[in-house]
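Undergrad: I have a structure here, written as structure tokens, and I will follow up with some questions on it.
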Amino acid sequence: MTIPYPLGPPPAPRILVLGIGNILWADEGFGVRAVEAFHKAYELSDNVTILDGGTQGLYLVQFVNEHDRLIVFDAIDYGLEPGTMKVVEDDEVPKFTGAKKMSLHQTGFQEVLSAADFMGHYPERLTLIGCQPLDLEDWGGPLTAPVRGVIPAAIETAVRVLRSWGVAITARPEGAAVPPLLEHDIDFERYERRAEPAALNC
């Protein structure tokens, strides 16, 4: 009897790097701004998708279903000092995404995970990179300084996780032209920096 041999290595896992939140409510925009900064800083292999999930809620299920592993940036109320980053993995993630809704505007990601599980597509690996918010009431305001300051560490955490999953990651050259992840003038440069003194004096 002939024993069949595999034609090649198994396909690379499909990975989704997702930022969720609402940029209109100050620190609720942490996840969106973190994934935007990650997209601008690094180029990844073809099996990785980077997505601004915003406040799409259950519409994100279709994207979760299409991937095997998931990294999520989000503002999470851990009950810690504002600006504290906390990383949660795999089975521990749902308890944090659903423990406490911070406001009426927060995307309920626990429902997304529950729906994916019900449909038989729960991620095989899952990492939540969360940050404790300071201000969720400043309508139209930018991220507060403590939360904005966490973004570089959050990005480096995502890089470490992806490399541990075998993903090839390359830092983009400084000043390289990068297709925007967010359009319609809601990217960081056009939206949040408008409130900085230098921008106001232009």
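Undergrad: Taking interchain pairs and intrachain pairs at least six residues apart, which have beta carbon atoms under 8 angstrom, with the first residue in region 23-46 and of a type in the set (Lys, Arg) and the second open to solvent by 10 Å² or more (accessible area, probe 1.4 Å) and assigned to a helix (DSSP H, G or I)?
TA: Going by the 8 Å Cβ cut-off, the qualifying pairs are ARG33/ARG148; ARG33/ILE151; ARG33/PHE188.
Undergrad: Restricting to region 91-148, and then to whatever is closer than 19 Å to ASN65 by Cα, modelled with pLDDT of 80 or more and among the aromatic types (Phe, Trp, Tyr), can you tell me which residue is most open to solvent (accessible area, probe 1.4 Å)?
TA: Top of the filtered list is PHE118.
Undergrad: Just to verify a result, which residue in region 66-88, among those that are over 17 Å from VAL147 (Cβ atoms) and open to solvent by less than 30 Å² (accessible area, probe 1.4 Å), is nearest to the chain's Cα centre (by Cα)?
TA: Within region 66-88, the match that is nearest to the chain's Cα centre (by Cα) is ILE71.
Undergrad: With at pLDDT below 95 and either in contact with a strand residue (DSSP E or B) (Cβ under 9 Å, 6 or more places away or on another chain) or within 17 Å of GLY54 (Cβ to Cβ) (or both) as the only criterion, which of GLU183, GLU174 stands out?
TA: Exactly one residue qualifies, and that residue is GLU183.
Undergrad: Name every residue in region 51-65 that is open to solvent by less than 40 Å² (accessible area, probe 1.4 Å) and not in a strand (DSSP E or B), in order of residue number.
TA: Within region 51-65, GLY57, LEU60, VAL61, VAL64, ASN65 meet the criteria.
Okay, residues lined up against (1) of a type in the set (Val, Ile, Thr); (2) assigned to a loop (DSSP other than H, G, I, E, B); (3) open to solvent by less than 50 Å² (accessible area, probe 1.4 Å):
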{"site": "ILE155", "(1), (2), (3)": "yes, no, yes"}
{"site": "LEU162", "(1), (2), (3)": "no, no, yes"}
{"site": "VAL167", "(1), (2), (3)": "yes, yes, yes"}
{"site": "PRO173", "(1), (2), (3)": "no, yes, no"}
{"site": "ALA176", "(1), (2), (3)": "no, yes, yes"}
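Undergrad: Additional query: If you take the residues of region 16-50 that are over 24 Å from ALA176 (Cα atoms) and β-branched (Val, Ile, Thr), which of them is most open to solvent (accessible area, probe 1.4 Å)?
TA: Our first condition is that a residue be over 24 Å from ALA176 (Cα atoms); within region 16-50, this holds for 20-29.
Filter again for β-branched (Val, Ile, Thr), leaving 20, 23.
Numbers: ILE20: 0, ILE23: 18 Å².
Ranking the qualifying residues of region 16-50, first place goes to ILE23.
The values are calculated or read from the model by the stated rules, or taken from the named source; none is laboratory data. Keep in mind the model is a prediction, meaning the values are calculated, not measured. FYI the Cβ positions are ideal-geometry reconstructions off the backbone, even for glycines, and counts take in every protein chain you see. These area figures cover heavy atoms from the full protein model, side chains too; ligands, DNA and RNA do not enter into them. Shrake-Rupley method; radii C 1.70, N 1.55, O 1.52, S 1.80 Å.
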